[in-house]
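The next block holds one structure in the form of structure tokens; read it before the comments.
Quick note: the coordinates plus some simple rules give every number you see, no bench work behind them. No experiment lies behind these values; they were computed from the predicted model shown. So basically every Cβ, Gly included, is an ideal-geometry build from the backbone, and we count neighbours across all protein chains shown.
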Amino acid sequence: MPERTPRVLVVDDEAVIRQLIAINLELEGFEVHQAFDGLDAVDKARTVDPDVVTLDVMMPGLDGWATAQRLRADPSTSRARIVMISARTRPADVERGRDSGADEYVTKPFDPDEVVAAVRRLVPT
């Protein structure tokens, strides 16, 4: 039986950034799903069962930090690895990301290859 294609849930409230990340991951062979905010991400993560979630920090409603905490707290989504993507670059922001459950933290502006590499590092082998 062939291995399952790794699944990534791309979460960003900006459609252009979401599409940029999604297209680059699809070109690298990932199965990509998208969510437009934190609440949408939590709902979709339960049905999609992603291996990795790329997660914007600054979103209306449920921000990326709170979304990561919810994903980690829910047994049905807790195994997903998280790549936070943010324009917040201070060491305290990166630390807050890690404290919230992020496995990787990529700063904006980013090179799409950097996001793909972060996702690749986190996909289970």
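Quick look at the numbers
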{"item": "Dipole of the chain, positive end: most advanced residue of Gly101, Val83, Asn24 [Cβ charges, Cα centre]", "result": "Gly101"}
{"item": "Distance histogram in 10 Å bins (all Cα pairs of the range 7-122, percent per bin)", "result": "16, 55, 28, 1"}
{"item": "Dipole magnitude of the chain, debye to nearest 20 (Cβ charges: Lys/Arg +1, Asp/Glu -1, about Cα centre)", "result": "340"}
{"item": "Per-residue Cβ neighbour rank within 10 angstrom, fewest leading, Ile17, Ile85, Ile23", "result": "Ile23, Ile17, Ile85"}
{"item": "Around Arg79: net Lys/Arg minus Asp/Glu count, Cβ-Cβ under 15 Å", "result": "+2"}
{"item": "Peptide ranges 57-63, 38-44, 109-115 listed from the most packed, as the mean C-beta count within 10 angstrom indicates", "result": "38-44, 57-63, 109-115"}
